[in-house]
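Before any comments, here is the structure.
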Amino acid sequence: MAAAAADADADAAGERAAGAGLGSRSAAEERSLLHPSLFSAYSDEDLVERAFEPAQKIVVSISSDPDDPDADDEHLYYGGHAPPFSWRKLWLFTGPGFLMSIAFLDPGNLEGDLQAGATAGDTLLWLLFWATAMGLLVQLLAARLGVATGKHLAELCRDEYPDWARRALWLMAEVSMVSADIQEVIGSAIAIKILSNGFLPIWVGVVITALDCFFFLSLENYGVRKLEAVFAVLIATMAWSFAWMFIKTKPNGKDIIIGILVPRLSSRVISQAVGLVGCVITPHNVFLHSALVQSRKIDPHKEYQVREALRYYTIESTMALVVPFMINLFVTTVFAKGFYGTKEAGNIGLENAGHFLQEKFGEDFFPILYIWGIGLLAAGTSSTITGTYAGQFIMSGFLNWRLKKWIRALITRSFAIVPTITVAVYFNTSDSALDVLNEWLNVLQSIQIPFALIPLITLVSKEQVMGVFKIGPRTQIATWAVASVPIIINGCLLLDFFSSEVKGLLSGLVLFAAVLAYVSFLLYLIFREDGEGSVCWEEVQQLLCRYHWLQMETLEKDRMEQRHRPSAPLHVGRLNTQCNAVNRPTEQQVSKLKYGDVYKQITSCCI
């Protein structure tokens, strides 16, 4: 009797869910029907690599109710009211945004800051502010994508695009990541050379940086929070170092405020302006942030949890980017104060910047040269760790390689360390080698920017991917406008660069073919039809419905042939076909078609 009553209650609950049906079920919940974890015997955790294992994820609930920790919040969200703000919850969500912010503080950014300050003074501070705001918008979209779908950008590209496009995007992401990584490693090596008073050459610093990256990443084995704490220390070190320099040099506060509020741009500082904008959006950082937000335990199929996560991640990411903006401001104004209008302005780079500062501002109890070296070392070390972290997500997402993390880290490190050591050895005998290397690496990263931004914007705009969390038309227009700025600026930069480098008919034809292929791929990514992906939506819908009918057959046998239907209509992607439209399988089909076979068919179709 008790079992029968329980079954009756379950059936009643199913009827109530079916009654709510299309009206109350969110698209995010409907997409859960595509999630392989529905199959109890064949969990997707066994076949698909994920950014974070369930045991690694941080619980963000602060409720004392063990049965339903978010019941009150769920009621408030569905009642049309957001729950009251909680500082405790914000603390639990704090972390991913600050790891993401490291990309705004890597050695390449610092070099762009010091050159902008030395060449343009305080006149480009307004551009630094708006470039950071553009970077914030892009990162908020990346976080939105990761939270609402439960997958990061690389995984969604694997699901969304055909095989040839997926492999091309993976190659572009790897090139971008390695290009940025080389600059970051060399920045750390320069800092080590400064702090060792020139005793350790650049190539030794490269090796040390490669080894300490593994040490810091090993902290993840003790929990995500431990790794986030290490980054907090590194960011605090940078903030202290560059704030100390700012206080010591005493830039003019009035000039700083005018520089932030009043837009000014002259033709002689165009290259520095382009450098400031181009350094803000790094392609691998978009992939990284969409994965990092999954370190919190959020069910993407529960709308109220997604809304809450997006609320706190928006606050956390905004707070996180205030810190790099202030640090970049400190560096720019320090070099504007010391070198704007001087003959040294055009010759300052990462390696000689500390010596110029030492000569300009004199000796002290703790020389400013070493303060600069400490800040540069913290920037380089933190950015190399996040670069390796991003490389692991990119590799596992695009290729679904189930490798141990230390193996993936070793592969990712090798891509950057081998060419970097080669360049570092050559740099010891040629002062111009590093400048040439940085120039080409900036070109490579500029080329890759559209291949992260375009998939990101198209995916967050699609209802079949985002459900109710897709961005609206106005946000799409604003996002495309923002994304077009770095794309157009870097396109002009690339055109100018290659026009000066390419000489001769043959090299011109090769460049023309490369540009044609490049533009064609961009247009494909922008204008491709929704149905062109690797996901066979109709076949998946049929297979899922067949699976549910098989489940119902089993339940009917257990309940003595009592009638039972799926608890709610099924929706797959943009198809609004209910399982009732799929013919009920015959007994012969039931005996031949096992659950595992259905799952394998869906997996082969979707992945």
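The values are calculated or read from the model by the stated rules, or taken from the named source; none is laboratory data. Remember, predicted model here, so these are calculated numbers, not experimental data. Heads up, the Cβs are rebuilt from the backbone with ideal geometry, glycines too, and the neighbour counts pull from every protein chain shown. When the accessible area is computed, the model is the full protein with side chains, heavy atoms only, and any ligands, DNA or RNA have been set aside. Shrake-Rupley method; radii C 1.70, N 1.55, O 1.52, S 1.80 Å.
Some points to look at:
- Centre separation in Å (Cα based) which lies between region 278-323 and region 133-188: 14
- Taking N as its residue count, the alpha carbon Rg of region 305-376 over 2.2 N^0.38 Å: 1.60
- Surface accessible to a 1.4 Å probe, per residue, for the residues of region 216-324, Å²: 41
- Local electrostatic count at residue 329 - Lys and Arg +1, Asp and Glu -1, tallied over other residues with Cβ under 14 Å: -2
- Extension gain for the segment residue 326 to residue 86, taken as residue separation times 0.36 nm less the Cα-Cα distance, is 83.8 nm to one decimal.
- Each label point was placed 7 Å from the Cα along the Cα-to-Cβ direction; for residue 411 and residue 58 their separation is 2.9 nm.
- When you filter the chymotrypsin sites (Phe, Trp or Tyr not before Pro) in region 181-223 for DSSP loop state and at most 12 other Cβ atoms inside 10 Å of their Cβ, you are left with 199.
- Taking amide hydrogens as placed 1.01 Å from N in the peptide plane, the amide H of residue 58 sits under 5 Å from those of 296, 297, each at least 5 positions away in sequence or on another chain.
- Each residue was assigned an accessible area with a 1.4 Å probe, and for residue 361 the value is about 50 Å².
- Modelled spin-label separation between residue 233 and residue 344, with each label point placed 7 Å from Cα along the Cα-to-Cβ direction: 3.3 nm.
- Within-9-Å neighbourhood charge of residue 187 [Cβ basis; K, R +1; D, E -1]: -3
- Convex hull of region 87-453 built on C-alpha atoms - directionally averaged projected area, nm²: 18.5
- Viscosity 1.002 mPa s, temperature 20 °C, Stokes-Einstein D of region 256-359 from Kirkwood C-alpha radius, µm²/s: 123
- FRET efficiency for the residue 218 to residue 250 pair, using the beta carbon distance and R₀ = 41 Å, is estimated at 0.45.
- Rounded FRET efficiency, nearest 0.05, which uses the C-beta distance separating residue 168 from residue 297 and R0 of 41 Å: 0.75
- Computed across region 116-180, the Kirkwood radius stands at 14.5 Å (inverse of mean 1/r, all Cα pairs).
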